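Right, one structure below, let's go through it.
We did not get these values from a lab; they are worked out from the coordinates using the rules stated. If you're wondering where the values come from, they're calculated on a predicted model, not measured in any experiment. As a convention, Cβ positions derive from the backbone with ideal geometry for all residues, glycine included, and neighbour counts pool all protein chains shown.
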Ligand SMILES: *Cc1c(COP(=O)(O)O)cnc(C)c1O
Ligand code: SF4
């Protein structure tokens, strides 16, 4: 811990010119940043700028690609439209209107998040919860719906660009507690966002303490999904609020529950500053585990040595490599996508070069509408080249650990691109999914022609 708390300074689109390193970039690059940042969420802070990005390597620097918007993240036509507006100094209204129409075309809620995962209590939808897999409920606290910086590839981006109708949050733990009491099959609550670690510890306690006090026997673990150890590690090391956060983790443990920090690390650089290392070590000392996950992203981490080094760093600090995800079908997907075949090669290359302590990681995994689907192998059976796929989590819990096969396709980037192997017409889960979508579309139809319903119908 330092004597004085480190001050957090945040920069969004309007403050681009206040970043000295950005002012030093060519005018054309600055126009590009301003144009794309009007469409995709943009937020960085002084730590990311000063400690993580190597400005001598911009634009190829992986952390710059992770946090600063790039031309290729929009279609050529959309980019021309936006950069045209910026260059002629168009009004804010014009910029926002154009940006909004582009955003709505970018699949704001992938994988049936809205239509399929929102649970019900007393006949009404619980907007602050998602319940997709039997054991784990996701909880979205209202004050945790932003992050210390934004990832350009974020699949939650719709929440950050103010498509307000699409937000799902809750302001208190009451409904969560009632839901857990009615659903003893749920053992894990995952606080997510945005990033719940943007909340002060005091606010976090308002959610966690009632949950502990409720004495729900079936609840075993509290997870926090966060990128704060990467984007603002001082959250865990610096000042009274950080000390109190460590006490809170210990308190949860003392109440007999497991604390899991689901840490999002995209690149080993994020684990190589002194403060980031101190943050992870300090969390681990509270008895919490730090499990690490990230998507595989072109321009950021699309090679095996980067993953191997990242997993190695995690193990050194007592953290646990957990998931490598495939980038979801949303936002600037074309810019980031890595084909499944290549993802499998990168994963395998990295997996082979670390010790068993890092091989707790699973991937590459797609968080698709039917479940988390692992690309488990590329193989040849009966003369046919195949992907061996496996459910790590299924919308039907009975699918977990079930293998199935798809025809090999070098350019496929997502489950939807794949065809079943051995001449079958459809995957075994297809009928179940059709039925589910039909039933939920029936519910949504009552809501009228608003944006939410339209998006839900597309999911
Ligand atoms: C990944 C995920 C979880 C947690 O899955 P684990 O495999 O238990 O980590 C829960 N809910 C949703 C919607 C998820 O995508
Ligand atoms: S930290 Fe997570 S929620 Fe926040 S921008 Fe990055 S991916 Fe999205």
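Calculate for the chain the 222 nm mean residue ellipticity that helices alone would give, adding -39,500 (n - 2.57) per DSSP H run of length 4 or more and normalising by residue count, nearest 500 deg cm²/dmol.
After summing the helix terms and dividing by residue count, I get -10500 deg cm²/dmol.
Using alpha-carbon positions, what is the distance between the centroids of segment 349-408 and segment 80-108, in Å?
39 Å
Restricting to the chain, compute how many DSSP beta bridges are antiparallel as a %, nearest 5.
Antiparallel bridges make up about 50 percent of those DSSP assigns within the chain.
Could you work out the relative contact order of the chain, using alpha carbon pairs under 8 angstrom and six or more residues apart, expressed as a whole percent?
Reported as a whole number, the value is 13 percent.
Suppose R0 equals 22 Å; then what is the FRET efficiency for residue 171 and residue 213 from their Cβ-Cβ distance, rounded to the nearest 0.05?
0.80
Give me the distance between the Cα centres of segment 178-229 and segment 115-176, rounded to whole Å.
13 Å
Using a Förster distance of 45 Å, how high is the FRET efficiency between residue 18 and residue 403, based on the Cβ-Cβ distance and rounded to 0.05?
0.25
How big is the convex hull of the Cα atoms of segment 3-103, per residue, in Å³?
Per-residue hull volume (Cα only) is 109 Å³.
To make sure I understand, if each residue's beta carbon is the centre and we count other beta carbons within 10 Å, what order do 275, 10, 137, 186 fall in, fewest to most?
The fewest-first ordering by Cβ neighbours comes to 10, 275, 186, 137.
Strictly greater than 33 Å: what percent of every Cα pair in the chain meets that?
Roughly 37 percent, once rounded to a whole number.
How much FRET efficiency would the formula 1/(1 + (r/R0)^6) give for residue 60 and residue 353, where r is the Cβ-Cβ distance and R0 is 30 Å, rounded to 0.05?
Using R0 = 30 Å, I get an efficiency of 0.80.
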